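Values quoted throughout were computed directly from the atomic coordinates according to the rules given, and no laboratory measurement underlies them. None of the values given here were measured: they were computed from a predicted structure. Cβ coordinates were reconstructed from backbone atoms using ideal geometry, including for glycine residues, and neighbour counts include every protein chain displayed.
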Amino acid sequence: MSQISAGPAVGVGVHQVRRWRAFTLLAVAYFMTAVDMLIVNVALPTIGLKLHFQQQNLQWVVTAYALTFGGFLLLGGRAADLLGRRRIFMAGLALFTAASLACALATSDTFLIIMRGVQGLGSAMVLPAALSIVMNMFPEGAERNKALGLWGAIGASGATVGVLAGGILTRYVGWPYIFYLNVAVGAVTLLLTRRVVPESRRRDTSRSYDPLGAVTVTGALLLLVYAISQAPTVGWATARTLSMLGAAAALLVAFVVIEARAAAPLLPLRLFRLKTLAGSNTVGFLLGASFYGYIFTGTLYMQQVLRYSPMKTGLAWLVVSLTGVALAGPAQALTTRSSAKLVMAAGMAVTGTGIVLATQLPANGSFWGTLAVPFFLTGAVTWAFIPVSIGALAGVTERDAGIAAGLIDSSQQLGGAIGIAIASTVATSHTRVLLGQGNALATALTGGFHWALWVSGIIALSAVPVTFLLVRQREMAKAVAATAAQGA
């Protein structure tokens with residue numbers, strides 16, 4: 001009897017070990033893509049000097065990645081479900097790793113920007129495929145909840161590790177090593193994936209991918225960001241700028257038409273009938289636009305005005321990350337026990353206030369004297385992230401859960417790309433005006449950064465009325481209750 005009963009127990013134990021081994025490998029890949037946005041931010045001024053970037057083009061190192069990542073995320077998830085999740089995960093990881101090597105070897109600004117876009121495309125394949133594999137490996141219940149809890153913690157820690165690792169690597173071994181690190185991790189993960197990660201796919205749907213949807217929305221956003229970033233040089237009222245803005249608008253209209261008529265649309269427009277989902281995605285877009293613009297501007301201010309090293313810049317941003325981690329627990333508790341809608345609004349209000357306070361930073365500032373208060377306040381962004389993620393799934397049926405989860409990631413990434421483009425354009429334009437008036441370089445740069453921070457702060461604060469207008473407390477309460485039940 002003992003031998004008969006021991007067999008299944010051993011088999012279940014081995015199966016669990018294999019599942020968690022596969023989870024570890026997938027989590028490493030996810031962590032790498034989560035870190036990649038902020039690890040580059042700290043190195044931006046150094047990259048700009050080494051590759052001779054013009055100031056208004058430096059933001060493309062970040063936005064090229066964010067645009068392709070956000071623009072193709074839903075298509076990556078659809079391809080993973082239909083073609084095989086492990087297959088798409090490996091293809092995306094190979095693409096991301098190869099692009100990382102190309103970034104490390106880049107000798108021109110244009111080549112680096114193109115390869116960052118390819119990196120983003122690889123991430124758009126890796127992330128949804130990896131999460132789908134995790135959901136498929138673990139049956140619904142306590143074990144899946146544990147895995148998803150760890151998954152969320154890994155993503156949240158990416159910001160903290162990214163800013164610190166970016167500073168350390170840039171300071172001690174050079175900026176290319178922020179990309180060489182991806183190559184090493186990606187290559188090892190790729191070699192182990194076939195042996196450790198199981199293959200799976202959906203077989204209950206027709207093979208309809210809607211690539212036109214992904215191409216039109218990404219093309220529209222690329223044109224929009226390019227027009228905004230080049231306007232300070234060529235002029236806002238020129239035929240070139242106006243034609244690019246017109247083409248961007250036409251492509252966005254084409255995207256809506258394609259999604260409305262497609263048999264299996266990449267983004268079902270009916271989802272936006274859910275007010276709380278629409279509101280949460282709008283807030284997520286504004287959150288990404290304001291916060292990423294703030295990080296971009298703040299990094300340039302610290303290194304170009306205060307002359308902080310990449311290492312010191314990374315340590316300074318660590319204050320924001322650690323404050324966010326410390327506030328995550330209270331945010332979770334308040335979201336569950338109080339009004340998630342009010343927590344969302346409070347998070348955006350405090351974050352926006354912190355960014356607006358940063359507009360008073362002087363050209364001769366110091367960390368504890370001038371930076372600390374805005375940095376501690378903007379750590380409250382966690383209070384917005386948590387309810388936004390919950391609200392983005394409010395009222396969503398099980399068949400649309402994957403699309404809705406990918407949509408909020410896309411909203412934040414695309415918001416970040418546009419927010420950085422706007423912040424960069426505003427800072428560059430006003431800095432040129434101040435230089436033309438005879439101001440010293442540090443004074444002119446600081447003045448330009450002030451205007452960019454004003455814009456980022458106003459974008460963050462605009463999310464507060466959006467929350468009250470679009471987010472429904474009753475729908476949020478149901479979504480919070482469902483999330484709490486899953487975690488129980």
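Distance between the 7 Å Cα→Cβ label points at Ala401 and Leu105: 4.3 nm. Only Lys, Arg, Asp and Glu carry charge here, each on its Cβ (+1 for the first two, -1 for the last two); on that basis segment 13-195 has a dipole of about 540 debye about its Cα centre. The simple Förster model, with R0 at 51 Å and r as the Cβ-Cβ distance, assigns Val17 and Leu49 a FRET efficiency of 0.55. Would you give the gap between the C-alpha center of segment 54-99 and the C-alpha center of segment 410-427, rounded to a whole Å? About 18 Å separates the Cα centre of segment 54-99 from the one of segment 410-427. Dipole of segment 122-224 computed with +1 at Lys/Arg Cβ and -1 at Asp/Glu Cβ about the Cα centre; of Val134, Ala220, Ser157, farthest Cα towards the positive end is Val134. Electrostatic bookkeeping for Ala214 treats Lys and Arg as +1 and Asp and Glu as -1; over the other residues with beta carbon under 11 Å from its beta carbon, the sum is -1. Put a dot 7 Å past the Cα of Ser366, heading toward its Cβ, do the same for Val253, and the two dots end up 5.7 nm apart. With θ taken as phi - 60° and the Karplus curve 6.51 cos²θ - 1.76 cosθ + 1.60 applied, the whole-hertz 3J(HN,Hα) list for segment 336-345 is 6, 9, 10, 9, 4, 4, 5, 5, 4, 5 Hz, x standing for glycine and proline.
Counting Lys +1, Arg +1, Asp -1, Glu -1, what net charge surrounds Val196 among other residues with beta carbon under 9 Å of its beta carbon? So the environment of Val196 carries a net charge of +4. Spacing of the modelled spin labels on Val433 and Glu143, each 7 Å from Cα toward Cβ, amounts to 6.2 nm. Taking the Cα centre of each part, how many Å lie between segment 314-384 and segment 209-276? Cα centroid to Cα centroid, the span is 32 Å.
Across segment 355-360, coupling constants 3J(HN,Hα) worked out from phi with the 6.51/-1.76/1.60 Karplus curve, θ = phi - 60°, read 5, 5, 4, 5, 5, 9 Hz, and Gly and Pro carry x.
How far, in degrees from 0 to 90, does helix 142-172 lean away from the longest principal axis of the Cα atoms of the chain, to the nearest 10? Here the helix axis deviates by roughly 30 degrees. The 3J(HN,Hα) values that the Karplus relation (6.51, -1.76, 1.60; θ = phi - 60°) gives for segment 244-260 are, in residue order, 5, 5, x, 5, 4, 5, 5, 5, 5, 5, 4, 4, 5, 5, 4, 5, 6 Hz. Gly and Pro appear as x. Charge dipole of the chain (Cα centre as origin; +1 on each Lys and Arg Cβ, -1 on each Asp and Glu Cβ, all else neutral): 660 debye, rounded to the nearest 20. Here the contact order of segment 210-265, divided by its residue count and restricted to Cα pairs under 8 Å and six or more residues apart, works out to 50 percent.
The alpha-carbon of Lys341 sits under 20 angstrom from the alpha-carbons of these lysines, leaving out residues fewer than 8 places away in its chain: Lys275, Lys478. Would you grab the residues whose amide H sits under 5 Å from the one on Asn439? Only those 5+ places off in sequence or on another chain, please, with H modelled 1.01 Å from N. Those lying under 5 Å, H to H, from Asn439: there are none. Given +1 at the Cβ of Lys and Arg, -1 at the Cβ of Asp and Glu and no other charges, the dipole of segment 108-194 around its Cα centre is 100 debye to the nearest 20. On the basis of the beta-carbon distance and an R0 of 22 Å, Ala333 and Arg270 show a calculated FRET efficiency of 0.05. Shape class for segment 315-453: oblate, because the ratio a/c of the largest to smallest gyration tensor axis (alpha-carbon atoms, square roots of eigenvalues) is 1.5 or more and b/c is at least a/b.
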